[in-house]
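Colleague: Below is the structure I would like to discuss, written out as structure tokens.
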Amino acid sequence: MYSRIQGRTGAFILADSMFDMAEKEDHVDFLKHLWSMRSQRVSLVETPEQYGLAHKIVLEAYKAGLFDKKNHDNDIHPYEHNRKKKTCGCC
């Protein structure tokens, strides 16, 4: 049970990190940051649903106008992580 809770918590941590990244760097990179997070805690974001949840949180914030849309029109799309490169391991 702890593992499932840690995975869901990881989705929220990942989304929050993407808010910070978007503000500082004008783009987001879910997969790169997830790999970085997993170097410290392997069980963060364990399932495709949890990974999708992080995307959905950020997308909904974007739609609600919480981002400067002129800088992020092509950067935030749910489930569009680069599938040709290494994946997060949960997908």
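The values are calculated or read from the model by the stated rules, or taken from the named source; none is laboratory data. Source: prediction; values computed, not measured. Neighbour counts run over all protein chains shown; Cβ positions are idealised from the backbone, glycine included.
Colleague: Identify the single condition in (1) at pLDDT 85 or above; (2) surrounded by fewer than 16 Cβ atoms within 10 Å (Cβ to Cβ) that THR87 does not satisfy, given that it satisfies every other one.
Modeller: (1)
Colleague: Sticking with this one: I'd like to check which helices (runs of 4 or more DSSP H) are fully inside region 10-77 and have at least 2 residues that are of a type in the set (Val, Ile, Thr), at pLDDT 90 or above and surrounded by 14 or more Cβ atoms within 10 Å (Cβ to Cβ). Break it down into steps so the answer makes sense when it comes.
Modeller: Working: elements: 30-38, 48-63, 69-72.
Here the list reads 48-63.
Colleague: List pairs: first in region 25-36 and farther than 17 Å from THR47 by Cα, second of a type in the set (D, E, K, R), Cβ under 9 Å, 6+ apart or cross-chain?
Modeller: Every condition considered, the pairs that remain are ASP26/ASP68; ASP26/ASP75; HIS27/ASP75; VAL28/ASP75; ASP29/ASP75.
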